[in-house]
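**Q** After the structure tokens below, expect a handful of questions from me.
The values are calculated or read from the model by the stated rules, or taken from the named source; none is laboratory data. This one's a predicted model, so the numbers in the text were calculated from it and none came from an experiment. Backbone-built Cβ (ideal geometry, glycine too); neighbour counts: all protein chains shown. Accessible surface areas use protein heavy atoms only, side chains included; no ligands, DNA or RNA. Shrake-Rupley method; radii C 1.70, N 1.55, O 1.52, S 1.80 Å.
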Amino acid sequence: MNKESVINAYLPTTVTPVADSSDTQFAPSNIALCKYWGKRDVELNLPVNSSLSVSLAHLGSRTKVSVSDSDQVWLNGAQVAAGDKFARKVIAFIDLFRRGTDHCVRVETENNIPTAAGLASSASGFAALMLAIDQFYGLNLEPSVLSAFARMGSGSASRSLYEGFVEWQMGIREDGMDSFALPLDVRWPQLRIGLLKVDTGEKAVDSRAGMNRTVDTAHLYQSWPLQAAADLERLHQAIADQSFTCLGETAEQNALSMHATMIASWPPLLYWQPDSVAAMQTVWQARAEGLELYFTMDAGPNLKLLFTADAETAVNQRFPGLEVIRPFG
Ligand SMILES: Nc1ncnc2c1ncn2[C@@H]1O[C@H](COP(=O)(O)OP(=O)(O)OP(=O)(O)O)[C@@H](O)[C@H]1O
Ligand SMILES: C[C@@](O)(CCOP(=O)(O)OP(=O)(O)O)CC(=O)O
């Protein structure tokens, strides 16, 4: 099944831009505590496993779509060349929705997180774009449909439609319309996330290519779906009990297990840099000294530290200048 045929079933045959649709739409970035790693359908971004994330509050993408004389994509105030991969992906996504009409669009987007550095810019980017498209064409789609459509842009974008804890159910349908995310009705005001930026340059192998390479070449990947299912269950329990130890241990082991499958692929994929490993060792040393501090990492060299409000001063002493996010305000 392709994206067009899935979307056709949910949209009118032609869509027209709404006259005064000039609002900018915001979507937060998110960091998975149980990762999405591997697809059962590459075209629709249908995952092998369900995943669970926490959104990064004010960090994310702001996007606006308007009518223009030519198709244009602007990122952080600069026009992106039409042939650039970034622009091509954005316009290809717009094309899924503007069938039957001949207008051109100007897409303006701002990321207040580094782009393509393993800090989940694709998640907030496609979620904000989906919200902007929904408004631009006056579609008024339900959140679950917005999430499923955003997933076709980038899997992790399905979770960036919401604040707080979010679960993306893998679903079983062939068209993937049961594969969308929903927020968890639980808050954890003491939770803190520290962004430890080791390198914010664009990574050589993006998540999509890294994920496909792992599924195709790593025998170790066979153990991943079981690990992810068990971790998801443990995270639900940890969140229900507000047990930070269980949350931190599960998230860290989940991230390291994902990285183990990457390292076991061919050619090998190692997103870590020496400073990433040094930071992990500092976290482990801090824990050995009694500080409740854990980390998670996506497909990149940067760490996201997990801790609670009472540990903030001690964490800052070990990681001076750390950018700290309060996901629940
Ligand atoms: N504001 C945005 N609007 C639309 N698309 C975006 C936006 N920001 C990023 N993207 C898309 O996301 C891609 C980067 O995704 P990639 O998965 O490589 O990195 P990441 O999302 O930063 O890292 P990860 O998903 O591993 O945490 C960009 O090349 C672009 O296609
Ligand atoms: C490691 C991850 O960040 C992978 C994210 O992958 P993407 O959502 O960027 O992949 P595509 O669906 O191919 O666009 C884990 C996660 O966010 O769950």
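**Q** Could you check the stretch 21-59 and list, in sequence order, the residues that are on the phi > 0 side of the Ramachandran plot and either near ligand 2 (Cβ under 8 Å from one of its atoms) or among the acidic types (Asp, Glu) (or both)?
**A** 45
**Q** Restricting to the stretch 22-42, and then to whatever is part of a loop (DSSP other than H, G, I, E, B) and open to solvent by 10 Å² or more (accessible area, probe 1.4 Å), can you tell me which residue is farthest from residue 300 (Cα to Cα)?
**A** So, considering only residues that are part of a loop (DSSP other than H, G, I, E, B) and open to solvent by 10 Å² or more (accessible area, probe 1.4 Å), the one farthest from residue 300 (Cα to Cα) is 22.
**Q** Identify, please: which residue in the stretch 8-38 is more than 27 Å from residue 66 (Cβ to Cβ) and of a type in the set (Gly, Ala, Ser) and is, among those, modelled with the lowest pLDDT?
**A** 9
**Q** Here is a follow-up. Which members of the stretch 71-113 meet the condition of being under 21 Å from residue 6 (Cβ atoms), open to solvent by 40 Å² or more (accessible area, probe 1.4 Å) and touching a Ser or Thr at 6+ places or on another chain (Cβ under 8 Å)?
**A** Correct list: 99, 100, 101.
**Q** Which of the residues spanning the stretch 152-179 are in contact with a Leu (Cβ under 8 Å, 6 or more places away or on another chain), open to solvent by 10 Å² or more (accessible area, probe 1.4 Å) and either acidic (Asp, Glu) or away from ligand 1 (no atom under 16 Å from the Cβ) (or both)?
**A** Those that are in contact with a Leu (Cβ under 8 Å, 6 or more places away or on another chain), open to solvent by 10 Å² or more (accessible area, probe 1.4 Å) and either acidic (Asp, Glu) or away from ligand 1 (no atom under 16 Å from the Cβ) (or both): 162, 167, 169, 170, 171, 175.
**Q** Quick one: in the stretch 114-133, which of the residues that are modelled with pLDDT under 95, open to solvent by 10 Å² or more (accessible area, probe 1.4 Å) and not hydroxyl-bearing (Ser, Thr, Tyr) is farthest from ligand 2 (Cβ to nearest atom)?
**A** 114
**Q** Then there is this: Which pairs turn up if I take residues in the stretch 139-151 that are within 16 Å of ligand 2 (Cβ to nearest atom) and look for partners that are aromatic (Phe, Trp, Tyr) and open to solvent by less than 10 Å² (accessible area, probe 1.4 Å) with beta carbon separation below 8 Å, at least 6 apart in sequence or on another chain?
**A** Note: pairs meeting the criteria are 147/168; 151/168.
**Q** Next up: Check the stretch 43-56 and report whether any residue there is touching a His at 6+ places or on another chain (Cβ under 8 Å), in a strand (DSSP E or B) and under 23 Å from residue 140 (Cβ atoms).
**A** Start the filter on the stretch 43-56 by keeping residues that are touching a His at 6+ places or on another chain (Cβ under 8 Å), which leaves 52.
Retained after the next criterion (residues that are in a strand (DSSP E or B)): 52.
From what is left, the residues that are under 23 Å from residue 140 (Cβ atoms) are none.
Within the stretch 43-56, none of the residues are touching a His at 6+ places or on another chain (Cβ under 8 Å), in a strand (DSSP E or B) and under 23 Å from residue 140 (Cβ atoms).
**Q** Moving to a separate point now. Got a sec? Which strands (runs of 3 or more DSSP E) wholly within the stretch 214-329 have at least 3 residues that are under 23 Å from the mean Cα position of the chain (by Cα) and within 16 Å of ligand 1 (Cβ to nearest atom)?
**A** Once the strands (runs of 3 or more DSSP E) in the stretch 214-329 are filtered for at least 3 residues that are under 23 Å from the mean Cα position of the chain (by Cα) and within 16 Å of ligand 1 (Cβ to nearest atom), what remains is 303-308.
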